[in-house]
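Trainee: Handing you this structure, nothing more for now.
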Amino acid sequence: MARLLVYYAHPGHRKSPVNRPMAEAAQAVDGITFADLYRTYPRFEIDVAAEQERLLSSDVILFQCPLFWYSTPSLIKEWIDLVLEHGFAYGAGGDRLTGKTLMFALTAAGPEQAYTPEGYQHFPLRTFLSPLEQSARLCHMRFAPPYVLHSSLKAPDAGWVAPHVEGYRRLLIAIRDDSYDFDAAAAMPIVTYEALPITGER
Amino acid sequence: MGELLFLAFVFLCAGVVAVPIASRLGLGSVLGYLIAGIAISPLLALFEVDVVSIQHFAEFGVVMMLFLVGLELEPRLLWEMRARLLGLGGLQVGCTTLLVMAAAMALGQPWSVALAVGLVLALSSTAIVLQTLNEKGLMKSDGGQSSFSVLLFQDIAVIPMLALIPLLALPELADSLGSAGPAAEGHAADSHGANDLGVGDHGGDDNREDGHGGGHGEMSLVAGLPGWLQALVTLGAIAAVVVVGSVLTRPVFNFIAVARLREIFVAAALLWVIGIALLMTLVGLSPALGTFLAGVVLANSEYRHELESNIDPFKGLLLGLFFITVGAGIDFNLLGASWRETLLLTLGLIALKAAVLYVLAVIFKVDGADRWLFSLGLAQAGEFGFVLLSFTVANAVIPQALAGQLLLVVALSMLLTPALFILYDRVIAPQYTTGEAREADEDVPAGSIIIAGHGRFGGIVNRMLRGLGYEPVVVDYSSTQLELLRTFGFRAYFGDATRPDLLHAAGIEQTSILVIAIDDREQITGLARYMQQAHPHVHVVSRAVDRPHVYDLYAAGCRDIIRETFDSGVRAGRSALEALGVHPFEAERKARQFVNDDRRAIAALASLYDPEMPIQDNKAYVQKAKRTPGCERRPPARGGRRLRVARGSRLVTAHFRGCRGGNAGG
């Protein structure tokens with residue numbers, strides 16, 4: 001059993017068609033820790049000690065959020081700025097997160113083909129995530145490929161929300177039960193509900 | 001005097017014992033009163049108490065109830081109800097009358113008697129139904145609204161009925177009655193004995209009554225006037241109620257409010273209701289309808305809740321008395337002699353009325369559980385029935401013996417009504433709730449909010465919430481303040497928010513949040529404590545005057561406590577820091593840190609605080625308090641003022657860096 005900590009961050013939670021059902025599905029999964037960052041810190045006053053405590057008692061840290069301007073919502077950045085302290089997460093004596101896994105579950109408004117040199121986003125999605133990936137590396141953590149839903153604004157009409165939410169639920173359970181194949185995942189740039197590397201399934 | 005005290009004692013005793021028991025058993029207050037009445041009926045018979053005249057006195061409770069119903073109903077809502085009022089109400093009265101008439105004729109009654117019986121039994125009990133619906137909080141439901149429409153129509157329909165019934169007179173009965181004399185009128189004679197204004201002559205004149213304790217006969221403004229003038233006077237009276245109600249009440253109540261004497265306000269409210277009832281009686285209209293209209297006119301007034309809470313106890317007591325007299329008035333000798341027949345007739349009547357209501361509910365698209373509420377709730381005969389029966393006897397329409405039996409049927413059907421409501425509650429409603437539970441739409445502001453006190457504190461809360469589309473109900477004791485609010489279209493009401501009955505009138509049962517924003521610390525604490533005891537489901541946000549007050553409120557069970565000057569003090573401190581040259585964001589962070597430290601400290605101090613002990617004597621508290629932020633003395637800064645600022649500033653910066661930790665970028 002891996003100790004899974006899910007951080008959910010969405011400033012527009014109430015009107016989110018994809019992230020909200022995802023968050024609700026995550027809350028319904030037993031045996032994991034779910035934290036709604038915008039609900040916990042509505043005034044951006046992060047309790048650093050409590051957050052570090054939470055990190056220490058987890059094996060996998062997963063941030064679920066929408067992609068805002070090729071990055072995370074600002075509260076996650078604030079969280080990173082404050083919680084991943086020098087001497088705790090990195091730098092001299094900063095080895096407390098060693099061996100843990102950092103993962104993101106992202107929704108992107110752009111379609112998959114936009115994140116190509118020919119597409120309007122020009123760069124692959126993973127390129128935009130490189131600051132996060134490097135942050136994990138600096139903190140001696142493994143960075144797992146993100147679980148992504150593209151064209152998220154079209155998803156409700158296209159009928160993608162339900163399978164994406166169900167895939168998210170399966171993903172969280174698999175991580176919890178150690179049946180998520182992080183090694184197989186590492187070979188992929190991103191994972192989607194259509195191809196989740198879960199061992200023992202199918 | 002002795003007799004009056006004895007009567008009051010017996011009635012109060014019966015109510016006080018029976019009603020709480022009935023409520024606890026889930027039977028509702030109405031059944032409790034009815035049972036109390038049955039229980040004391042031998043006693044009353046022993047002392048030869050005139051139950052019927054007490055009943056007619058108590059019927060004034062119905063007048064008050066309709067006033068209160070009117071207060072709840074804005075004119076716009078009444079106008080929206082018109083289709084249901086006329087359609088549903090008209091069809092109910094019409095169809096039920098015809099079917100009962102057919103049944104009576106089938107049982108061998110002549111058509112005129114059958115028609116009178118139909119009219120009498122078509123009416124339902126406003127008192128029982130509205131009281132029960134209010135008690136169960138079903139008044140606003142579709143079924144409740146439909147029921148109310150029908151009851152209101154019945155109230156109106158009584159007036160033409162009273163005009164029609166004398167035309168149905170049986171010659172042979174009229175002969176036996178001889179000249180109209182009170183002694184020969186049986187039930188009617190009792191009914192108008194004590195408080196009413198005399199029976200008078202029922203022959204073709206236009207005096208009318210609807211029976212809600214209204215007078216009938218001699219005192220009249222319109223008797224003897226030509227028809228057109230009568231109509232004019234009647235319309236004039238209605239216009240007077242509307243005009244006086246909407247124009248004159250506000251300055252009058254403002255004038256009274258300044259005195260701040262509660263009893264004068266109660267007296268004024270009673271005066272208003274009784275005055276209208278009197279006026280309506282004088283012009284031959286139903287006092288219940290008149291006060292209902294007066295209520296509607298005042299529905300938008302800021303004094304609405306104050307009026308409600310003042311009239312409500314009188315209404316409650318009078319209605320209770322009325323229900324007791326219904327129970328006590330059941331003639332058990334007669335019932336014993338023909339119980340099988342009476343019971344069959346009663347059940348038949350209920351079944352027939354319920355069937356008509358059910359069909360109408362289908363036609364008017366009253367769905368689900370509401371359809372059953374509507375059908376079962378109105379299936380009894382009502383207090384109008386008593387009055388109409390005495391009226392029919394007096395007018396030689398129905399023979400005395402038949403009237404006696406019908407009286408039993410009416411009373412028995414009223415007695416069975418609470419049982420039907422219990423059937424609805426326990427059996428029918430649960431079947432509909434499972435499928436209908438829908439997810440609340442979060443886009444609509446959910447739950448209602450009451451703000452107690454609209455001064456410098458509550459006003460801000462109100463403005464903020466209103467800006468977001470919520471509609472808080474504001475209760476305040478300052479009539480000038482309220483007038484100002486009213487001009488801006490706020491929902492504001494006059495009254496003392498610390499009074500439970502006013503809170504009740506403002507809808508505390510349906511409220512999810514109460515913001516206590518009044519000035520007086522003792523009153524704040526008292527209200528918070530009362531809320532914790534009486535309405536623990538309501539989230540209370542309370543204003544605290546100072547730190548000890550926070551502890552008092554905490555001890556009272558309040559968990560959302562806002563110190564009234566704390567946040568502004570912090571903001572002033574932050575401004576001072578900025579003016580001293582501290583970087584604005586550092587000043588912000590320092591302010592936040594101060595707030596957080598202080599909050600933590602106050603939680604710790606709350607456990608040490610002893611309300612019985614002056615703070616300076618509480619050593620443990622003082623010790624701890626000395627270590628809270630700001631109380632802790634730092635060594636005075638060396639050097640001049642400017643230097644101190646510079647130092648502080650650097651310290652802040654250093655601390656800030658440490659706190660932030662820096663990231664990979666450094």
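The values are calculated or read from the model by the stated rules, or taken from the named source; none is laboratory data. Since the model is a prediction, treat every value here as computed from it, not as a measurement. When we count neighbours, we look across all protein chains shown, and the Cβ atoms used for this are built from the backbone with ideal geometry, even at glycine. Note: accessible area is taken over every heavy atom of the protein model, side chains too, but ligands, DNA and RNA are not part of it. Shrake-Rupley method; radii C 1.70, N 1.55, O 1.52, S 1.80 Å.
Trainee: List, in order, the whole-Hz ³J(HN,Hα) value for each residue of region A:10-18 obtained from phi through the Karplus relation with A = 6.51, B = -1.76, C = 1.60 and θ = phi - 60°; use x for Gly and Pro.
Mentor: Using θ = phi - 60°, the values come out as 8, x, x, 3, 4, 10, 7, x, 10 Hz.
Trainee: Same structure, new question: Roll a 1.4 Å probe over the protein heavy atoms and report the accessible area of A:ILE198 in Å², nearest 10.
Mentor: Here the accessible area works out near 20 Å².
Trainee: Also, I was wondering about something else. Give me the accessible area of B:ASP597, 1.4 Å probe, in Å² rounded to the nearest 10.
Mentor: Near enough 50 Å² of accessible area.
Trainee: I would also like to ask the following. HN-Hα J couplings of region B:367-378 from phi, Karplus 6.51/-1.76/1.60, θ = phi - 60°, integer Hz, Gly and Pro as x?
Mentor: So the J values, rounded to whole Hz, are 9, x, 5, 4, 4, 6, 4, 5, 5, 6, x, 9.
Trainee: Rounded to two decimal places and with Rh computed the Kirkwood way over Cα pairs, what is Rg over Rh for region B:2-150?
Mentor: Details: Rg = 19.0 Å, Rh = 18.2 Å.
Using Cα coordinates only, the ratio equals 1.04.
Trainee: Report the FRET efficiency, 1/(1 + (r/R0)^6), for B:LEU167 and B:LEU344, where r is their Cβ-Cβ distance and R0 is 41 Å, rounded to 0.05. Walk me through the intermediate numbers first.
Mentor: On the way: r = 31 Å, r/R0 = 0.75.
The value I calculate is 0.85.
Trainee: Rounded to whole Å, give me the distance from the Cα center of region A:1-60 to that of region B:7-63.
Mentor: Cα centres, region A:1-60 to region B:7-63: 60 Å.
Trainee: Which value, in Å³ per residue, describes the convex hull spanned by the Cα atoms of region B:278-339?
Mentor: Numbers: hull volume 8.1 nm³, N = 62.
Residue-normalised Cα hull volume stands at 130 Å³.
Trainee: Do any chymotrypsin sites (Phe, Trp or Tyr not before Pro) in region A:106-202 lie in a loop, going by DSSP, with at most 14 other beta-carbon atoms within 10 Å of their beta carbon, and if so which?
Mentor: A:TYR120
Trainee: Please state the shape class of chain A: rounded when a/c is under 1.5, otherwise prolate if a/b exceeds b/c and oblate if not, all from the C-alpha gyration tensor.
Mentor: Details: a/c = 1.35, a/b = 1.29, b/c = 1.04.
Rounded, since a/c falls under 1.5.
Trainee: At a Förster distance of 56 Å, what's the computed FRET efficiency of B:ASP331 paired with B:ALA604, Cβ-Cβ distance as r, to 0.05?
Mentor: On the way: r = 71 Å, r/R0 = 1.27.
Between B:ASP331 and B:ALA604 the formula returns 0.20.
Trainee: How far is it, in nm, from the label point at A:ARG137 to the one at B:GLU588 when both lie 7 Å from their Cα along the line to the Cβ?
Mentor: For the pair A:ARG137/B:GLU588, the computed spacing is 3.3 nm.
Trainee: Just how large is the dipole of region B:269-398 about the Cα centre, in debye to the nearest 20, putting +1 at every Lys and Arg Cβ and -1 at every Asp and Glu Cβ? Walk me through the numbers on the way to the answer.
Mentor: Values: 6 positive and 9 negative charges, 64 e Å.
Rounded to the nearest 20 debye, it is 300 debye.
Trainee: Arrange the residues B:TYR303, B:TYR609 by how much accessible surface each exposes, largest first, with a 1.4 angstrom probe. Display every interim value, and only then the final one.
Mentor: Working: B:TYR303 0, B:TYR609 40 Å².
So the residues, ranked largest to smallest area, are B:TYR609, B:TYR303.
Trainee: Within region A:106-134, which residues have the backbone N less than 17 Å from the label spot 7 Å out from A:MET188 along Cα→beta-carbon, could you tell me?
Mentor: Under cut-off, by backbone N: A:106-108, A:112-113, A:125-127.
Trainee: Let me ask something else. As a test, work out the antiparallel percent of DSSP beta bridges whose residues both lie in the protein assembly as shown, rounded to the nearest 5.
Mentor: Details: 2 of 44 bridges.
Around 5 percent of the beta bridges assigned by DSSP in the protein assembly as shown are antiparallel ones.
Trainee: Rounded to whole Å, give me the distance from the Cα center of region B:342-365 to that of region A:129-202.
Mentor: 63
Trainee: Given the pairs A:LYS100/B:LYS590; A:LYS15/A:LYS77; A:LYS15/A:LYS100; B:LYS590/B:LYS626; A:LYS77/B:LYS590, which are separated by over 25 angstrom at their Cα positions?
Mentor: On the way: A:LYS100/B:LYS590 34 Å; A:LYS15/A:LYS77 22 Å; A:LYS15/A:LYS100 33 Å; B:LYS590/B:LYS626 20 Å; A:LYS77/B:LYS590 21 Å.
Beyond 25 Å: A:LYS100/B:LYS590; A:LYS15/A:LYS100.
Trainee: Given a Förster distance of 45 Å, report the FRET efficiency between A:TYR70 and B:ILE274 from their Cβ-Cβ distance, rounded to the nearest 0.05. Each step should come with its number before you reach the end.
Mentor: Working: r = 75 Å, r/R0 = 1.67.
That gives a FRET efficiency of 0.05.
Trainee: Per-residue accessible area for A:ASP177 at 1.4 Å probe radius, Å² rounded to 10?
Mentor: Taking all protein chains as shown, A:ASP177 has close to 70 Å².
Trainee: Taking only DSSP H segments of four or more residues, each worth -39500 (n - 2.57), what value at 222 nm results for the protein assembly as shown once the sum is divided by all its residues, to the nearest 500 deg cm²/dmol? Don't skip to the end; give the middle numbers.
Mentor: Working: 40 runs with 506 residues, N = 868.
When only DSSP H runs of four or more count, the value is -18500 deg cm²/dmol.
Trainee: Moving on to the next point. Can you tell me the dipole magnitude for the protein assembly as shown around its Cα centre, using point charges on the Cβ only (Lys, Arg +1; Asp, Glu -1), in Debye to the nearest 20? Numbers along the way, then the final one.
Mentor: On the way: 69 positive and 83 negative charges, 1001 e Å.
That gives the protein assembly as shown a dipole magnitude of about 4800 debye.
Trainee: Is there a quick way to get the dipole size of region A:103-186? I mean about its Cα centre, with the Cβ of Lys and Arg at +1 and of Asp and Glu at -1; what is the value in debye to the nearest 20? If you can, show how the numbers build up before the last one.
Mentor: Details: 7 positive and 9 negative charges, 41 e Å.
Dipole size: approximately 200 debye.
Trainee: Follow-up. Just want the answer: with Cβ charges of +1 for Lys and Arg and -1 for Asp and Glu, which residue in B:TYR33, A:PRO117, B:ALA259 is farthest toward the dipole's positive end in the protein assembly as shown?
Mentor: Of the candidates, A:PRO117 comes out farthest on the positive side.
Trainee: I would also like to ask the following. Each label point is 7 Å from the Cα along the Cα-to-Cβ direction; what then is the distance between the points at B:ARG76 and B:VAL247, in nm?
Mentor: In this crude spin-label approximation the distance works out to 2.4 nm.
Trainee: Take the alpha carbon atoms of region B:303-321, find their center, do the same for region B:555-609, and report the distance between the two centers in whole angstrom.
Mentor: One Cα centre to the other: 46 Å.
Trainee: Modelling each spin label as a point 7 Å along the Cα-to-Cβ direction, I'd like the B:ILE238/B:HIS535 distance in nm, to one decimal.
Mentor: It works out to 3.7 nm between the two label points.
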